[in-house]
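Since the structure comes first, as structure tokens, the remarks are kept for the end.
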Amino acid sequence: VDIAIVPTGEMQPSSIGHVIILRNVTPYKELDFAKTNFIANVSHELKTPISSIKITLDLLRNERVGDTNEEQRGLLDSIREDADRLLKITGELLNITQVESGKIQLNIAGTSPREIVQYAIAANEMQAESRDIRLQVEENEIHTPVLADSEKTAWVLTNLISNAIRYSYDHSIIRISLEEHEQGVRIAVTDSGQGISQEYKEKIFDRYFRVPGSSREGTGLGLAISREFMEAQDGTLTVESELGAGSTFTIGLKKAV
Ligand code: ADP
């Protein structure tokens, strides 16, 4: 039930007292729930055929079913990019339904941060290659396990690297570093792309917010979901950035011991 208390004095300076309005919002909540469920189901249904399209494209691209010429390979690459984008959007829609319904399902366990990094790099390799961007891992032998939901954390890191690629320039380098400190492990993704102005540094974590004039298409959902996923598992997601110079997005994870 929504309760609004309106001080009548604000409407008529001479009167005193309050008007209490009670409104039953149950039907709206039910509608909201049905909408969230519908979005989750449709996104889930879309994921399988899009994944099949990607596999088929890879078979064609890698010439497993016959030779292709350069022009055809170019066309296949552009279809694959679109398939990747569709998959990214369906993943975001699926995850935002979890966030909006307040039901982030966590599966916390001792996890290797290095494996999370390896997974996220593999997931972005083709996207980076197509723009001649190098994903450079700064190795520093960290084997400390962290307490995390490995699937969600891998999703967050994949998303951060994907953003770093999307908002960087062709032929640039993206650095991914692992750093251990007293309570945990930090994974940082540094790009030398377009950067984010001070004004928008916190706003980018709001749902649907996109920096005006962003160079790439997107939903504005990735970072909002990422921060919710990190905070739900007692972790952090922060950004340091300078407009025109680049950005560093850092996730913080707690040590398992
Ligand atoms: P999307 O990329 O789909 O718009 P995100 O939530 O991932 O949504 O990002 C929100 C906004 O933050 C983006 O629209 C972009 O303007 C900005 N942004 C995110 N990552 C970077 C980055 N690495 N460099 C510069 N801007 C970024």
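Read-outs: derived from the displayed coordinates by stated rules, not from any lab. Since the model is a prediction, treat every value here as computed from it, not as a measurement. As a convention, Cβ positions derive from the backbone with ideal geometry for all residues, glycine included, and neighbour counts pool all protein chains shown.
Using the structure shown, select from 88/152; 201/255; 47/203; 35/203 the pairs with a Cα to Cα distance greater than 24 angstrom.
Listed pairs above 24 Å: 201/255; 47/203; 35/203.
Rounded to the nearest 20 debye, what is the charge dipole size of the stretch 33-185 about its Cα centre when +1 sits on each Lys and Arg Cβ and -1 on each Asp and Glu Cβ? In debye, rounded to 20, the stretch 33-185 gives about 600.
If you place +1 on the Cβ of every Lys and Arg and -1 on the Cβ of every Asp and Glu, how big does the dipole about the Cα centre of the chain come out, in debye to the nearest 20?
600
In the chain, the longest principal axis of the Cα atoms and the axis of helix 26-61 are about 10 degrees apart. Just checking the listed ones, 121, 225, 55: in the Gaussian network model of the chain with Cα springs under 10 Å, the one fluctuating most is 55.
Dipole magnitude of the stretch 185-242 about its Cα centre, charges +1 at Lys/Arg Cβ and -1 at Asp/Glu Cβ only, in debye to the nearest 20?
Numbers: 7 positive and 10 negative charges, 28 e Å.
That gives the stretch 185-242 a dipole magnitude of about 140 debye.
Ranking 122, 204, 26 by how far each Cα lies toward the positive end of the dipole of the chain (charges on Cβ) leaves 26 at the top. Build a GNM of the chain with springs between Cα atoms under 10 Å apart, and of 17, 246, 222 the one that fluctuates most is 17.
What does the charge count around residue 188 come to, taking other residues whose C-beta lies under 13 Å from its C-beta (Lys +1, Arg +1, Asp -1, Glu -1)?
Numbers: positive: 175, 186; negative: 138, 179, 180, 191, 240.
In short, -3.
With runs of 4+ DSSP H residues as the only contributors, calculate the mean residue ellipticity of the chain at 222 nm using -39,500 (n - 2.57) per run, divided by the residue total and rounded to the nearest 500. Don't skip to the answer; put the middle values down first.
Details: 5 runs with 113 residues, N = 257.
That comes out to -15500 deg cm²/dmol.
Each Lys or Arg adds one and each Asp or Glu takes one away; over the other residues whose Cβ falls under 13 Å from the Cβ of residue 55, this sums to +3.
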